[in-house]
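*Asks:* Please find one structure pasted underneath; my questions will follow.
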Amino acid sequence: MHDLIISGGEVHDGFASDPVTADVAVTADRVIAVGKDLGAARRTIDETGLVTAPGFVDPHSHSDSVPFLPDAQPFKLMQGVTTEVVGNCGFSLPPEACEGNVDALRARLLDPQTRAAIRATAEGPGPGTGGGLWREVHPEDMQILRHTDPSVKGRRLADVPAGREPWDVLCELLIADPHAYVVCHTMDEGDVRAIMADPLVAIGSDSDIPIGPNHPRTFGTFPTFLGGYVRDGGVVDLAEAIRKVTSATASRFGLSDRGWIGRGSVADLVVFDPARIGHAGTYEHPELRPTGMTHVFLAGEQVIADGEFTGERRGRMLRSERR
C-alpha cells in the first residue's frame, strides 16, 4: 500500500514534456509510480484541475543563515521551493570601500580624497567589482529600503539631495548607516523577458533572509514568474516554465533524483492552481504571501497544506552526486 496518492492533477514531469492527467503514488520519500489505477494508499488527495509538479529548485539564494533563526521560516516553501543553493554572493560598493570594519568604512567616506578615489572607480571602465556601477546606476534608479533614518526609507536617492550632489548624499547616508539597503531599478523589462525565454536560462531568486525591509523576490520570485510572466505574459508555456524552475537547475548542480517526477525520484512535489499562482508583494510590502500554492511535499512529508505551513521542519543538507 502506498503512503500517498495525489490524484487527478495535471502532472508535469519537469522535462517540458506534454503534461498528462494522472495520479502520483508516493511511498516513504520516493515517487513509486505515475499513471492510473495505482492501487490503494493510506491517504489520497484529489487535485483535479490543479497542477502537480516537481518541487522548485532555487539556484541562487542568501538563505545561509536561515536555519539558525529561532523560528521556522517557510517563505520559500510558500513559493513551492523545496531545494535551495546557498553560498553565492557579491558586492555593490567598490572593494576598497568595504575593507576593514565599519569605522574604517566611515573614515574612508569622510576623507574627501578617498571619497573621490572611490567615485573614480565607481565611474570608471574597469571590470572589477563595483567598477562602473555609479556610471550605470542613476540616482533616480536607487530606492532606499533600509536605513536608520525613517525619513529616507522608501525614497529614491534623487529625491533626497535637496540641492546636494547625489554621490555625496549616498556617502553621507552610508556614514550614518553602513548597513543601509538599496535596490537599483536598472533592468529593462524587454531584456528580462527575452532572457527568461532563452532555453539555457533557469529561474533563481537571489533572495535575502526574510527579516526587516526586503525585496519582493525573497517572498515571491517563483509565483511571480509562473503567474505574471508565464500565465499572464506568455513568455514561455507552462511545461517549459516548470522545467526552468526544476530539472534545468537540479541537473546543473548534480541533483539527479530531484527536479523531475517519475519512478524513483525524490518526492519533492508541489500542487498549485495555475489560474491563481502569483505574488502581489511590493517594495513597500514585500512580505505578502503568494497565492495559488496549495500543497508542498518535502521528501514525501507534507509541509504546506491548503496554503498553510504544517510546522514540519524536514530540511537537510544535500550534496552534488557528481564526482
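Nothing in this text is a laboratory measurement; each read-out follows from the coordinates by a stated rule. Because the structure is a prediction, the values reported are computed rather than measured. Note that each Cβ is placed from the backbone with ideal geometry, even for glycine, and that neighbours are counted across all protein chains shown.
*Asks:* Name every residue in the stretch 109-126 that is surrounded by 14 or more Cβ atoms within 10 Å (Cβ to Cβ), polar (S, T, N, Q) and free of Cβ contacts under 8 Å to residues at least 24 places away in the same chain, in order of residue number.
*Replies:* Of all residues in the stretch 109-126, those surrounded by 14 or more Cβ atoms within 10 Å (Cβ to Cβ) come to 109, 114-115, 117-119, 121-124.
Now restrict to residues that are polar (S, T, N, Q): 114, 121.
Answer for the stretch 109-126, where residues must be surrounded by 14 or more Cβ atoms within 10 Å (Cβ to Cβ), polar (S, T, N, Q) and free of Cβ contacts under 8 Å to residues at least 24 places away in the same chain: just T114.
*Asks:* Need a quick list: helices (runs of 4 or more DSSP H) entirely within the stretch 158-234 having at least 3 residues that are charged (D, E, K, R).
*Replies:* Details: elements: 166-176, 189-197, 217-224.
So the answer is 189-197.
*Asks:* Name every residue in the stretch 135-155 that is without any contact (Cβ under 8 Å) to a residue 60 or more places away in the chain, within 15 Å of L174 (Cα to Cα) and surrounded by 17 or more Cβ atoms within 10 Å (Cβ to Cβ), in order of residue number.
*Replies:* P139, M142, I144, H147, V152
*Asks:* Now for a separate question. Consider the stretch 28-43. How many of its residues are over 13 Å from E301 (Cα atoms), surrounded by fewer than 17 Cβ atoms within 10 Å (Cβ to Cβ) and within 32 Å of the chain's Cα centre (by Cα)?
*Replies:* Count: 1.
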